[in-house]
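Read-outs: derived from the displayed coordinates by stated rules, not from any lab. Values in this document were obtained by computation on a predicted structure and should not be read as measured data. Every residue, glycine among them, receives a Cβ derived from its backbone with ideal geometry; neighbour counts consider all protein chains shown.
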Amino acid sequence: MMSATFTIDGQEVPFTPGQSVMQAALSAGVFIPHLCYHPEFRPHGSCKLCTVKVNGRPATSCTLPAAAGMDVESNTPEILDKRRALLQMLLVEGNHFCPSCEKSGNCKLQALGYELEVFTPHFNQFYPDRPVDASHPDVLLDFNRCILCELCIRASAEVDGKNVFALSGRGITKHLIVNAESGKLADTNFALTDKAAQVCPVGVILEKRVGFAVPIGQRHYDAAPFSAHVAEFKPTPESQGERS
Amino acid sequence: MNAPQTPPKLKVATCSLAGCFGCHMSFLDIDERLLTLLELVEFDRSPITDIKHCGPCDIGIIEGGVCNAENVHVLREFRANCRILIALGACAINGGLPAQRNHLDLRNILEAIYATDTGLASGTQVPNDPELPLTLNQVHPIHEVVKIDYFIPGCPPSGDAIWKFLTDLVAGQTPHLGHGLIHYD
């Protein structure tokens with residue numbers, strides 16, 4: 001029975017015990033922006049794009065358990081401004097050149113930029129030097145676009161049982177690495193059929209020889225914005241705690 | 001009684017720095033709406049007029065980032081003369097395609113292109129005529145050099161996006177680009 005509710009921007013949202021604010025919102029068809037959240041994985045809370053204000057205090061909605069009577073603010077000028085600033089920082093930290101990216105049109109970072117009307121990265125570009133790894137026969141790794149969401153790490157460890165990816169370094173030097181002595185993807189047992197090959201929200205893990213196959217106008221986020229895809233992100237049994 | 005006065009036309013200047021003129025081509029894609037626009041604005045410096053220096057203007061529109069010293073001078077001239085300065089397109093906003101060279105050493109690139117690459121005439125060297133503007137070590141978006149008031153993303157922004165943005169602006173509204181008009185690619 002779903003009797004407990006809380007409100008998001010004044011709208012009443014039901015929840016089942018154990019659900020996060022994000023899960024309850026998405027189940028009710030209320031969109032909250034996110035990048036590191038994935039319905040099949042435990043929440044990570046790193047991208048902070050899903051930050052909301054709960055009873056006046058900021059919190060990440062993907063990690064916060066829903067509770068009866070919560071007053072959640074999400075779609076307010078203040079929160080939207082903070083989300084824009086977070087997106088802008090992600091955009092300048094990496095090398096995000098959409099015109100030459102195979103993921104363009106299917107990229108969550110880009111789609112969220114459109115959703116929030118981010119016209120400019122605003123900050124100064126870092127232009128980091130991040131060589132690509134094209135060693136694997138079926139998959140290209142373009143580290144220039146990594147936003148450190150750890151979805152590939154979580155998928156490889158929890159679903160594929162391979163531990164192919166990890167993060168190394170701290171602070172601004174933190175970066176995605178491949179678990180092989182050579183550091184090359186070709187020297188792991190990574191396969192195109194792995195879950196880890198399917199979950200990258202941006203254009204880091206790319207299947208070779210299919211780039212730009214789908215024409216502009218027919219890509220995932222061409223017809224409707226990110227927020228209209230809310231049904232894709234509804235919680236699954238895995239995210240309700242069955243996968244550990 | 002006096003006849004109603006038509007408001008003075010807005011002066012608009014445009015130029016392409018480290019760009020490909022694709023954004024200007026897209027600007028022309030507003031098609032017959034150019035005639036409507038010309039009732040509201042007159043062009044100062046622009047590839048359309050071939051005026052070489054920007055005078056006092058209401059709106060300046062910049063395509064492309066800065067990749068050499070001349071780009072920086074032109075950009076500063078626009079900023080000094082334009083009440084409102086707009087970055088048009090991906091290169092002006094984040095460096096775009098020219099910025100793909102930013103992780104490479106400039107001297108190595110120049111020598112590869114002009115001196116060491118195969119197929120060059122013997123004795124070819126990196127051009128160093130003092131008339132040539134000095135190349136910057138890295139390509140930068142224009143907001144890293146001067147203050148930019150508005151940004152129209154896209155590679156290029158569509159004619160419809162440019163039209164929507166400019167008509168919002170000329171009407172005194174905050175410009176908005178809804179889904180389908182805002183594009184980074």
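Things worth noting here:
- Here the 3J(HN,Hα) profile of the stretch A:95-106, calculated from phi with Karplus coefficients 6.51, -1.76 and 1.60 at θ = phi - 60°, is 10, 9, 10, 4, x, 9, 9, 5, 7, 3, x, 10 Hz, Gly and Pro shown as x.
- Isotropic mean projected area of the C-alpha convex hull, the protein assembly as shown (nm²): 27.9
- Relative to the longest principal axis of the Cα atoms of chain A, the long axis of helix A:77-93 lies at roughly 10 degrees.
- For the stretch B:38-129, the Rg and Dmax computed from alpha carbons only, in angstrom: 17.7, 56
- Hydrodynamic analysis of the stretch A:7-75 uses the Kirkwood radius over alpha carbon pairs. Inserted into Stokes-Einstein at 10 °C and 1.306 mPa s, it gives a translational diffusion coefficient of 136 µm²/s.
- The relative contact order of chain B, computed from alpha carbon pairs under 8 Å that lie at least 6 residues apart in sequence, is 24 percent.
- Among A:GLY105, A:GLY18, A:SER74 the positive-end extreme of the charge dipole of the stretch A:1-137 (Cβ point charges): A:GLY18
- Contact order relative to length of the stretch A:81-210, as percent, for alpha carbon pairs under 8 angstrom and 6 or more apart: 28
- Value of D in µm² per second that Stokes-Einstein yields for chain A, Kirkwood Rh from Cα pairs, at 37 °C (0.692 mPa s): 174
- Fluctuation leader among B:LYS11, B:LYS164, B:LYS52 - chain B, Gaussian network, Cα springs under 10 angstrom: B:LYS52
- Whole-number D in µm²/s for the stretch A:102-172 (Stokes-Einstein; Kirkwood sum over Cα pairs; 20 °C, 1.002 mPa s): 145
- Counting, for every residue in B:96-105, the Cβ atoms of other protein chains within 10 Å of its Cβ and taking the mean gives 3.
- Rounded to the nearest 20 debye, dipole of the stretch B:44-185 from Cβ charges on Lys, Arg, Asp, Glu: 280
- Simple label model, 7 Å out from Cα along Cβ direction - A:LYS208 to B:ASN108, nm: 2.3
- Bridges between two residues of the protein assembly as shown, per DSSP, are antiparallel at a rate of about 50%.
- Whole-number Å³ per residue for the convex hull built on Cα positions in the stretch A:81-210: 116
- Scaled radius of gyration (Cα, divided by 2.2 N^0.38 Å) that chain B gives: 1.18
- What you get for the stretch A:81-210, charging only the Cβ of Lys and Arg (+1) and of Asp and Glu (-1), is a dipole of about 240 debye around the Cα centre.
- DSSP-loop trypsin sites (Lys or Arg not before Pro) across the stretch B:64-160, with at most 16 other Cβ within 10 angstrom: B:LYS147
- Normalised contact order of chain A, rounded percent, pairs of Cα under 8 Å and 6 or more residues apart: 22
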